[in-house]
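Structure first, then comments.
Where a number appears in this text, it was derived from the coordinates with a stated rule and is not lab data. As the structure is a prediction and not an experimental result, all values here were calculated from the model. Every residue, glycine among them, receives a Cβ derived from its backbone with ideal geometry; neighbour counts consider all protein chains shown.
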Amino acid sequence: MGLFNTRKPRSFRRVSIYTDESRDRLQKLVDEVKRNQGDVPASEEHYNPDKFRGTFINYTPRAQRHKENGTKFGWPIAIALIFALIIIWRFLLTGVR
């Protein structure tokens, strides 16, 4: 009688498809053994983000030009232009000459 017996839902089982914990543990163990034996220099042990900071600009000409020239259309000019357009719009709506 399937009418009175309710089935339990399937339990959640997380399967990580992008990482393999056993491989990560094995790699950490191999790195630790190499460090203990002295095969790996101390500079290669950790990732250092400061090493790569600012290298993107060196390889893109547009970013280099922007860094050298700066911006030509600044905020004061934009604010003055918006203010002038508001004044013109006001005179157009009221019809005052």
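Before moving on, here are some points about what is shown:
- Taking θ as phi - 60° and the Karplus parameters 6.51, -1.76 and 1.60, the scalar couplings of the range 15-26 work out to 10, 7, 8, 9, 10, 10, 5, 5, 5, 5, 4, 5 Hz in sequence order, x denoting glycine and proline.
- Rough spin-label spacing in nm, given labels placed 7 Å along Cα→Cβ, for residue 79 and residue 5: 7.7
- Building the convex hull from the alpha-carbon atoms of the range 21-94 and averaging its projection over directions returns 11.3 nm².
- Ranked 33, 15, criterion: other C-beta atoms within 10 Å, fewest first: 15, 33
- Take the Cβ atoms of residue 29 and residue 60, set R0 to 30 Å, and the FRET efficiency comes out at 0.15.
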